[in-house]
Amino acid sequence: MPYIQMHEFEALLFSNVDCFDKCKGIKNKMISELRGEVSKFSTPEHVNNSEQTAPSKRIKRIFGAYQKTTDGMNVANAVGIETMIKRCPHFADWIRKLEE
């Protein structure tokens, strides 16, 4: 069963921005800014109003050293699938269908 994600992978990382502390060189101020970004939306899956404000673009604007392949995986592992399921209804529905 394919998963069609509403937006890019980084939307799931907004499930718990405190986990960005796993990124080398990130500052507490940057994590606070990420927290402010996600607070504007009903779910992390909605953190995307346009091509310029995609989740990865927001992260890169705040934390320029962000690397999807390393930092993204470290943050995803720290966030954990349970938190992503709890905070991202579209993703949770897909997981539930797989479990059924």
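Mind putting a number on the dipole of the chain about its Cα centre? Charges go on the C-beta only, +1 for Lys and Arg and -1 for Asp and Glu, and I need it in Debye to the nearest 20.
For this selection, approximately 420 debye.
For the chain, the solvent-accessible area with a 1.4 angstrom probe is 59 square angstrom per residue.
Over all pairs of distinct alpha carbons, what does the Kirkwood formula give as the hydrodynamic radius of region 3-59, in Å? Spell out each step's value before the answer.
On the way: mean 1/r = 0.0866 Å⁻¹.
Taking the inverse mean of 1/r over all distinct Cα pairs, region 3-59 comes out at 11.5 Å.
Principal semi-axes of the equivalent ellipsoid, √(5λ) from the alpha carbon gyration tensor of region 13-95, are 19, 15, 11 Å from largest down. The number of Lys pairs in the chain with C-alpha atoms less than 18 Å apart, excluding pairs fewer than 8 positions apart on the same chain, is 16.
For every helix of n ≥ 4 consecutive DSSP H residues, a contribution of -39,500 (n - 2.57) applies; sum these over the chain, divide by its total residues, and give [θ] at 222 nm rounded to the nearest 500 deg cm²/dmol.
When only DSSP H runs of four or more count, the value is -13000 deg cm²/dmol.
Of the trypsin sites (Lys or Arg not before Pro) found in region 1-92, those in coil by DSSP whose Cβ has at most 10 other Cβ atoms within 10 Å are K24, K40.
Expressed as a whole percent, the accessible area of the chain that falls on carbon and sulfur atoms is 53 (1.4 Å probe).
The values are calculated or read from the model by the stated rules, or taken from the named source; none is laboratory data. Quick caveat, the model's predicted, so the values are computed rather than measured. All Cβ positions, glycine included, derive from the backbone under ideal geometry; neighbour counts span all protein chains shown. Surface accessibility is based on the protein's heavy atoms, side chains included, excluding ligands, DNA and RNA. Shrake-Rupley method; radii C 1.70, N 1.55, O 1.52, S 1.80 Å.
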